[in-house]
Every structure is written in C-alpha cells, then in structure tokens.
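The values are calculated or read from the model by the stated rules, or taken from the named source; none is laboratory data. Note that this is a predicted model, so its numbers are computed, not measured. Cβ atoms come from the backbone with ideal geometry, glycine included; neighbour counts cover every protein chain shown.
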Amino acid sequence: METWIGQYINAQKAALDSIPTAKVAALIEQLRIAYQGDRQIFVFGNGGSAANASHFATDLGKGSSDKLPRRFRVLSLNDNVSWMTALGNDYAYDQVFVRQIQNYARPGDLLLTMSVSGNSPNLVKAVEWGNEHQLETVALVGAKRGRLAELAKHVVVVESEHYGRVEDAHMGICHMLCYAFMEKPEIAQA
C-alpha cells in the first residue's frame, strides 16, 4: 500500500508540474479585468468540478474580496439545486447552466468552467452561448482537452487523464487565482 501511495503522490506532483504558470497568470489578469469592470464571474462544473466551483466562488467572494476595496461579484451556478433540477427536468440536463446565464450574464462577464474530460454537454453549451454573447470564457481541463479546449478563449490544461489528480490540480489553480488577490491585493488596482 505504501508503494501505491508513493506512486500516487508522484503522479500528483507530475500533474501539478504540468500547470502552465503563464496561463494561470493570464487568468489572474482576466479576474483583475473583471474586478476592475465590476463584471459578474460565473463558475460551474459537474461532479467533483461542481464542488470545486462552489469552493472557488467561496474563496474568491469571501477571502479574496476581504482584502479589496470592494467585493468580487462571483456566483457558482452549481449552488441553486432547485433551479438546476427545474431546468434539467423541464428542458434537458444540458441546459442547466446556459439557462441560468441567460438570466444573468452581460457582455464582458466571465465564465469559468472546469472539466476533466472537456466534453460535458452542459458545459459546452454554456461556453458556446458565452462566446456568442461576448463573455470571456475560461476552461480548466484535463489532458483529453475535449470540446471546451477548442471553444474557450482561455484554456488551462492539466496533463493527466486521472479524474482525482486533475480535479486536485484544478482546485490548486483556483487557490492560486484567489490567493493572488489575498496575498497581493495591490494587483487588483494595477
């Protein structure tokens, strides 16, 4: 068992080492632009990525915002279960995110989605809609890349196909995005 654990840790380190720092820095800049423009930030995903989306919205909306003159306007689209189930039931599951952003989003707002496969139909539809309506679109994906890597304006790839490792790396990226503003709040005013 210890050998397996060591191998798992080494593979996790490789996934973390694959994170392109320049791309993460570019995402920090996109968040700075959204903050400066008082834009809405929407974040969403499925399964473990849904949990990461909620965690990210909490950290950006609370922790990062606590250091700034005003708050980030961030919303996890995963957190309204009654709305998601109504949309899934009355339309289709691939509509649960796009139908929410149709209510809220304006040109210049930012969509950030996370997906290991990059092919979840509900995420793809939301990013397609975002592109069509002049939103900034961001996708954190795994090594399969998928359709999201083709569609999103800003893409960060974690070079692994292992769901747990990619989701852990995505959360690491989300923490970097948040802690950039917590530990260097002056960047929001640049």
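Listing for the model above:
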{"read-out": "Cross-chain or 6+ apart pairs with Cβ under 6 Å, the range 104-120 first and under 26 Å from D168 (Cα atoms), then aromatic (F, W, Y) and crowded, with 21+ Cβ neighbours inside 10 Å", "value": "L111/F42; T113/F44"}
{"read-out": "Test: N52 is loosely packed, with under 12 Cβ neighbours inside 10 Å and among the polar types (S, T, N, Q)", "value": "no"}
{"read-out": "Candidate set: the range 66-83, residues that are exposed (fewer than 13 other Cβ atoms within 10 Å of the Cβ) and not in a helix (DSSP H, G or I); chosen: the one farthest from the chain's Cα centre (by Cα)", "value": "P69"}
{"read-out": "From A188, A126, A86, residue being out of contact with any Gly (no Cβ under 9 Å at 6 or more places or on another chain), modelled with pLDDT under 95 and either among the hydrophobic types (A, V, I, L, M, F, W, C) or outside any strand (DSSP E or B) (or both)", "value": "A188"}
{"read-out": "The one condition in (1) closer than 19 Å to Q95 by Cα; (2) part of a helix (DSSP H, G or I) that T113 fails to fulfil", "value": "(2)"}
{"read-out": "Residue selected from the range 91-102 under the condition in a helix (DSSP H, G or I) and either on the phi > 0 side of the Ramachandran plot or not β-branched (V, I, T) (or both), by the criterion surrounded by the most Cβ atoms within 10 Å (Cβ to Cβ)", "value": "R99"}
{"read-out": "Residue among G37, G88, G63 that is more than 18 Å from the chain's Cα centre (by Cα) and surrounded by 15 or more Cβ atoms within 10 Å (Cβ to Cβ)", "value": "G88"}
{"read-out": "Which listed residue, of E150, E167, E159, is buried (at least 22 other Cβ atoms within 10 Å of the Cβ), among the charged types (D, E, K, R) and either closer than 30 Å to Y8 by Cα or at pLDDT below 95 (or both)", "value": "E167"}
